[in-house]
Amino acid sequence: MFVRPLLKFLTVAALAVLGNAAASQLQQITNFGSNPTNVGIFLYRPPNVAASPALIVAIHYCQGTAQAYFSGTQYANLADQHGFLVIYPDAPDSGGCWDVHTTATLTHDAGGDSLGIASAVRYAITTYGVDPNRVFATGTSSGAMMTNVLAGAYPDLFKAGSAFAGVPYGCFAGPSLWNSACATGTISKTAQQW
């Protein structure tokens, strides 16, 4: 019985070490377009960027940061292997959570955190030659919710999203940053209703 917890610990430790093994560092990007809530944008460019690279927007969890998500995930290491770019947005909220509830962020080009991220993606397409048909979003928890917001509000920019531990697009809609009914899964709708 001792072996299983030890193997789990060693696996987590190895992944943590690998998470810090990226060949380059994050570069902060500023003046990339409309950014009404002041989302911080950090870019990871591997040493050997592919021609017309893909772009992954990797979005952190509540109380996280762009730097923590860079260090704690494998996206940068995978970018080193495959030549794609990674944008790590940094939530402007003091608690590190994403605006996934306001009408502005849920509406295409209307404002909120989603517009800052969308502007950074447009900037990456024009400045770094990103293939607009290979732009993807992924995130964990609050970052997963923002992944769904980006996929729902900006289907013209994002070709796919992969959300880990989030809720559906629009589930948190309303005046409050938190929605207990949504978070606990008591809101149930059909695909058409969402």
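The values are calculated or read from the model by the stated rules, or taken from the named source; none is laboratory data. Not measured: the values here are computed from a predicted model. Quick reminder, even Gly has a Cβ in these numbers, built from the backbone with ideal geometry, and neighbours come from all protein chains shown. Accessible surface is based on the protein model in full, side chains and every heavy atom, while ligands, DNA and RNA are left aside. Shrake-Rupley method; radii C 1.70, N 1.55, O 1.52, S 1.80 Å.
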Length gained if T186 through A160 is fully extended, taking 0.36 nm per residue and subtracting the Cα-Cα distance, is 6.7 nm
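Quantify, in whole percent, the carbon and sulfur part of the accessible surface of region 24-63 (1.4 Å probe; protein heavy atoms only).
42
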Calculated from DSSP helices alone, with each H run of at least 4 adding -39500 (n - 2.57) and the total divided by the residues of the chain, [θ]222 nm to the nearest 500 comes to -10500 deg cm²/dmol
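Hey, if we sort L26, L115, L177 by accessible area with the 1.4 Å probe, largest down, what's the order?
Values: L26 35, L115 15, L177 75 Å².
Order by accessible area, largest first: L177, L26, L115.
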Descending accessible area (1.4 Å probe), largest on the left, turns W98, W194, W178 into W178, W194, W98
Rounded to the nearest 10 Å², the 1.4 Å probe accessible area of C62 is 50
Computed about the Cα centre, the charge dipole of the chain from +1 Lys/Arg and -1 Asp/Glu charges at the Cβ has a magnitude in debye, to the nearest 20, of 460
Computed curve, region 99-194, Cα-only Debye sum without solvent term, log₁₀ I(q)/I(0) at 0.10, 0.19 Å⁻¹, is -0.26, -0.87
So, with points 7 Å from each Cα along the Cβ direction, the S176-S94 label distance in nm works out to 1.9
Listed residues T184, T138, T103; largest mean-square fluctuation, Gaussian network over the chain with Cα springs below 10 Å, found at T184
Heavy-atom accessible area per residue of the chain, all protein chains kept, 1.4 Å probe, expressed in Å², is 50
Sequence order, region 153-170: Karplus ³J(HN,Hα) from phi using 6.51 cos²θ - 1.76 cosθ + 1.60, θ = phi - 60°, Hz rounded, Gly and Pro as x, gives 8, 10, x, 6, 9, 9, 7, 6, x, 10, 9, 10, 6, x, 10, x, 3, x
